[in-house]
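Participant: Quick one: the structure is below, questions incoming.
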Amino acid sequence: MNIAIATCTNLPSFEKDDQQFFESLSEHNIKYEIIAWDADKDWSQFDACLIRTTWDYQERIDQFREWLEKVSKQTTLINSKEVILWNSHKSYLKELEDSGIDIAPSEWLFKGGTYDIKSIMQKRSWNKGFIKPLVGANARECCRFDLSEKGLKAAQEHINRLSSEEDLVLQPYLESVEKFGETSGIFFSHQLSHGVLKVPVKGDFRVQDDYGAKDYVYDLKKQEQAVAEKALIWLEKKFGTLLYARIDFLHGKNGEVYLNEIELIEPSLFFRHGKKNSAEFLVKELMKRLKD
């Protein structure tokens, strides 16, 4: 078996978390080659292409979509092109919300519209807000603000600048992300492998280690598992069982659990916090999938 591992040309040198996974591939005599997704490559020489660290795709989304089309015709793409395209635009959260899955309360600000941030905040009775693009990663173009004159002005300017070019979502700012963090469940073939707690630096909301955040072993609580299970069942009806999925959660001030994002493209899988055999778990599920 010979697989391609899709990455990016500018992967940070500190990123070593997948090393356990690569070692497990070798232990099972699976050949692999780590290749930048935008490289000039004949992908048909591989039994599959597994997307892992294509962390610059959101900046070149049209080129990335073209690449998905090409690779999916040459080999087995994991996750599939259909899954990746669906997951690349966060309007999928609206689909989940419409299906009864709990996400943070949201106002959808679609491209080309005119939006009055002060009116929306008053209508919703939110005293702090959070804006993020529906195509994005690594906290790109996120804006946290309060109802002060300065805060509302910055938020309105943020929306005015971006809404002519891209879709956005406005949500209440959940302060638990500062005090507690964001939690994640990592699932392989629908089965929970392990959980992670990501904690930003004091006063920040960004839970990526690029911004100094720390991450720890975490056992998902029953309510988190219930939300995840509902989402995974919904996904399976739409796409079938996915090889990997990371589901991120935020928490309300009264303990509410909200699905923040489902990461199906290139999520960090935090093997360093998994059980001893978490990388082995993924490799075995991958082998099953490619033998079927």
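The values are calculated or read from the model by the stated rules, or taken from the named source; none is laboratory data. Computed from a predicted model, the values in this text were never measured in an experiment. Here the Cβ is made from the backbone with ideal geometry for all residues, glycine too, and neighbour counts use every protein chain on show. The accessibility values were calculated without ligands, DNA or RNA, using every heavy atom of the protein model including side chains. Shrake-Rupley method; radii C 1.70, N 1.55, O 1.52, S 1.80 Å.
For (1) aromatic (Phe, Trp, Tyr); (2) open to solvent by less than 70 Å² (accessible area, probe 1.4 Å); (3) farther than 21 Å from Lys284 by Cβ; (4) at pLDDT 95 or above, each residue gets a yes or a no:
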residue	(1), (2), (3), (4)
Val217	no, no, yes, yes
Lys221	no, no, yes, yes
Ala226	no, yes, yes, yes
Leu232	no, yes, no, yes
Lys237	no, no, yes, yes
Tyr244	yes, yes, no, yes
His251	no, yes, yes, yes
Tyr258	yes, yes, yes, yes
Ile265	no, yes, yes, yes
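Participant: Any idea which residue in segment 1-18 is nearest to Lys284 (Cα to Cα), counting only those that are polar (S, T, N, Q) and modelled with pLDDT of 95 or more?
Facilitator: Of everything passing the filter in segment 1-18, Asn2 is nearest to Lys284 (Cα to Cα).
Participant: Then there is this: Glu69 is checked against (1) surrounded by fewer than 16 Cβ atoms within 10 Å (Cβ to Cβ); (2) under 30 Å from Glu149 (Cα atoms) and fails just one. What number does that condition carry?
Facilitator: (2)
Participant: Just to be sure I understand, how many residues within segment 73-113 are in a loop (DSSP other than H, G, I, E, B), open to solvent by less than 70 Å² (accessible area, probe 1.4 Å) and either closer than 20 Å to Glu59 by Cα or of a type outside the set (A, V, I, L, M) (or both)?
Facilitator: 13
Participant: Of all residues in segment 15-49, count the ones that are touching a residue at least 40 places away in the same chain (Cβ under 8 Å) and either in a loop (DSSP other than H, G, I, E, B) or more than 22 Å from Lys275 (Cα to Cα) (or both).
Facilitator: 9
Participant: Something else about it: Of the conditions (1) part of a loop (DSSP other than H, G, I, E, B); (2) of a type outside the set (Lys, Arg); (3) touching a residue at least 24 places away in the same chain (Cβ under 8 Å), Ala231 clears all except one; give me its number.
Facilitator: Result: Ala231 passes all but (1).
Participant: Name the residues in segment 173-215 that are within 21 Å of Lys132 (Cβ to Cβ), of a type in the set (S, T, N, Q) and open to solvent by 20 Å² or more (accessible area, probe 1.4 Å), would you?
Facilitator: Ser176, Gln208
Participant: When you scan segment 169-208, how many residues do you find that are of a type in the set (Ser, Thr, Tyr) and in contact with a helix residue (DSSP H, G or I) (Cβ under 9 Å, 6 or more places away or on another chain)?
Facilitator: So the count comes out to 3.
Participant: Another question, then. Filtering segment 1-18 down to residues that are touching a Lys or Arg at 6+ places or on another chain (Cβ under 9 Å) and open to solvent by 60 Å² or more (accessible area, probe 1.4 Å), which residue is nearest to Ser72 (Cα to Cα)?
Facilitator: Met1
Participant: When only residues in segment 1-14 that are part of a strand (DSSP E or B) and within 19 Å of the chain's Cα centre (by Cα) count, which is farthest from Leu50 (Cα to Cα)?
Facilitator: Ranking the candidates gives Thr7 first.
Participant: Counting only residues that are outside any helix (DSSP H, G or I) and open to solvent by less than 50 Å² (accessible area, probe 1.4 Å), which one in segment 149-169 is farthest from Ser88 (Cα to Cα)?
Facilitator: So the residue we want is Ser163.
Participant: Could you tell me whether segment 263-284 includes any residue that is part of a strand (DSSP E or B) and either of a type in the set (Phe, Trp, Tyr) or in contact with an Asp or Glu (Cβ under 8 Å, 6 or more places away or on another chain) (or both)?
Facilitator: Checked against the condition, which is being part of a strand (DSSP E or B) and either of a type in the set (Phe, Trp, Tyr) or in contact with an Asp or Glu (Cβ under 8 Å, 6 or more places away or on another chain) (or both), segment 263-284 yields at least one hit.
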